[in-house]
Amino acid sequence: ATGSDALDKRVNELWEAWASRCAADGLADFHGLTTLAVRGMIEAGGVFLRRRIRRAEDRLPVPLQLQLLEADHLDDTRIAGLADGGRIVRGIEYDWIGRRRAYWLFPDHPGEHGVPHARSLTAARVPADGVAHLFERQRLQSRGVPWGAPAMRALRDLDDWTNAELVRKKT
């Protein structure tokens, strides 16, 4: 709603063109990425959305694509104090006053490390201004929690009870 019908029309055309080709892997449109992001937040507690600037020769209507990365891409074994007063805590790099300035991300999912698929299992530093960490913040926390976590123990107890009851009845 710019006030100019011609500009509004052009912006809407670019949005439609971009939204249909915004996924870096080419497997989803904008709505598909949104669905996957929400699913990742529910199931794993969070996801990372990485901005990927594209070259002119890629011939995209807007030279920007988005890459979704599962929470497992974060190298949460990386912990360090930095010479400038910053720190890395579970793969998230903070400056000296606690602002996020980088994420240490594996280029490939660490659970899919078959020889033909993996490029590297070494995490790379990705500046925070190119990454959106999507998670539900419920308190002062740096990572999200799977939404079903509070019920998991009760469900496990129920499953154990059901199995014990079946064994008792068989006996």
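The values are calculated or read from the model by the stated rules, or taken from the named source; none is laboratory data. As the structure is a computational prediction, the values presented were derived from the model and not from experiment. Because the Cβ atoms are built from the backbone with ideal geometry, glycine has one as well, and the counts that use them run over all protein chains shown. Accessible surface areas use protein heavy atoms only, side chains included; no ligands, DNA or RNA. Shrake-Rupley method; radii C 1.70, N 1.55, O 1.52, S 1.80 Å.
Output the residues belonging to the stretch 48-78 that are within 20 Å of residue 136 (Cβ to Cβ), open to solvent by 20 Å² or more (accessible area, probe 1.4 Å) and in a helix (DSSP H, G or I).
Residue satisfying the conditions is 72 alone.
Can you find a residue that is over 22 Å from residue 108 (Cα atoms), part of a helix (DSSP H, G or I), among the hydrophobic types (A, V, I, L, M, F, W, C) and open to solvent by 100 Å² or more (accessible area, probe 1.4 Å) anywhere in the stretch 17-38?
no
Could you list, in sequence order, all residues of the stretch 127-160 that are surrounded by 12 or more Cβ atoms within 10 Å (Cβ to Cβ), at pLDDT 85 or above and aliphatic (A, V, I, L, M)?
Correct list: 128, 131, 132, 134.
Would you check if residue 84 is more than 24 Å from residue 13 (Cα to Cα), assigned to a loop (DSSP other than H, G, I, E, B) and in contact (Cβ under 8 Å) with a residue 12 or more places away in the chain? Reasoning before the result, please.
Working: more than 24 Å from residue 13 (Cα to Cα): yes; assigned to a loop (DSSP other than H, G, I, E, B): yes; in contact (Cβ under 8 Å) with a residue 12 or more places away in the chain: yes.
Considered against the rule, which asks whether it is more than 24 Å from residue 13 (Cα to Cα), assigned to a loop (DSSP other than H, G, I, E, B) and in contact (Cβ under 8 Å) with a residue 12 or more places away in the chain, residue 84 comes out as yes.
Looking at (1) modelled with pLDDT under 95; (2) acidic (Asp, Glu); (3) in contact with a helix residue (DSSP H, G or I) (Cβ under 8 Å, 6 or more places away or on another chain), which one does residue 76 not meet, given that it meets all the others?
The failed condition is (3).
Looking at 81, 91, 45, 98, can you tell me which residue is on the phi > 0 side of the Ramachandran plot and surrounded by fewer than 15 Cβ atoms within 10 Å (Cβ to Cβ)?
On the way: 81 fails: on the phi > 0 side of the Ramachandran plot; 91 fails: surrounded by fewer than 15 Cβ atoms within 10 Å (Cβ to Cβ); 45 fails: surrounded by fewer than 15 Cβ atoms within 10 Å (Cβ to Cβ).
On inspection, the qualifying residue turns out to be 98.
Could you list all residues from the stretch 101-126 that are assigned to a loop (DSSP other than H, G, I, E, B) and either modelled with pLDDT of 95 or more or open to solvent by 50 Å² or more (accessible area, probe 1.4 Å) (or both)?
We begin by selecting, within the stretch 101-126, every residue assigned to a loop (DSSP other than H, G, I, E, B); these are 106-123.
Once the filter is applied, which keeps residues that are assigned to a loop (DSSP other than H, G, I, E, B) and either modelled with pLDDT of 95 or more or open to solvent by 50 Å² or more (accessible area, probe 1.4 Å) (or both), the stretch 101-126 yields 111, 112, 113, 115, 116, 117, 119, 121, 122.
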